[in-house]
Amino acid sequence: MTNPGAPQPIAPERFDLEGAAGRTIRGELRLVPDARATVVQVHGFKGFSRFAFFPYVADRLAAEGISVVSFNFSGSGIGPDMETFTDAAAFEENSYTRELHDLGIVL
């Protein structure tokens, strides 16, 4: 169900942060003016922020007035285009502890 009074889709704004082991956390913000909430969208251990339904969910939430922060963990191995696996060394060194560290930085 779509709310006819809801804001139009929000274009994602890119950001980079320094994460675990000095690797880069790459993400996107969909900041809705006067948002009624904010969702931090987190992918699974072997996933990435643009996998499967994640972009669709982020767009729908933003269209319904909810800001969304989505990102790739620094050890995901996903490169600057946010879709292509380019860094096998980062993925090999990844751990749940590093992902928790990254999540703390994003929050």
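Table: residues versus (1) of a type in the set (Lys, Arg); (2) modelled with pLDDT of 95 or more; (3) in contact with a Gly (Cβ under 9 Å, 6 or more places away or on another chain).
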residue: 6; (1), (2), (3): no, no, yes
residue: 11; (1), (2), (3): no, no, no
residue: 16; (1), (2), (3): no, yes, yes
residue: 31; (1), (2), (3): no, yes, no
residue: 38; (1), (2), (3): no, yes, no
residue: 44; (1), (2), (3): no, no, no
residue: 62; (1), (2), (3): no, yes, no
residue: 67; (1), (2), (3): no, yes, no
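Only one of the listed residues (22, 79, 75) is at pLDDT 95 or above and either surrounded by fewer than 15 Cβ atoms within 10 Å (Cβ to Cβ) or of a type in the set (Asp, Glu) (or both). That residue is 22. Number of residues in the stretch 31-50 that are within 21 Å of residue 87 (Cα to Cα) and surrounded by 15 or more Cβ atoms within 10 Å (Cβ to Cβ): the value is 6.
Checked against (1) in contact (Cβ under 8 Å) with a residue 24 or more places away in the chain; (2) of a type in the set (D, E, K, R); (3) not in a strand (DSSP E or B), residue 26 passes all but condition (3).
Answer yes if at least one residue in the stretch 83-102 is surrounded by fewer than 20 Cβ atoms within 10 Å (Cβ to Cβ), hydroxyl-bearing (Ser, Thr, Tyr), in contact with a strand residue (DSSP E or B) (Cβ under 8 Å, 6 or more places away or on another chain) and outside any strand (DSSP E or B), and no otherwise. Yes, some residue in the stretch 83-102 is surrounded by fewer than 20 Cβ atoms within 10 Å (Cβ to Cβ), hydroxyl-bearing (Ser, Thr, Tyr), in contact with a strand residue (DSSP E or B) (Cβ under 8 Å, 6 or more places away or on another chain) and outside any strand (DSSP E or B).
Going through (1) of a type outside the set (A, V, I, L, M, F, W, C); (2) more than 20 Å from residue 98 (Cβ to Cβ); (3) in a loop (DSSP other than H, G, I, E, B) one by one, residue 55 falls short only on (3).
The values are calculated or read from the model by the stated rules, or taken from the named source; none is laboratory data. Computed from a predicted structure; not experimentally measured. We place every Cβ from the backbone using ideal geometry, glycine too, and count neighbours over all the protein chains shown.
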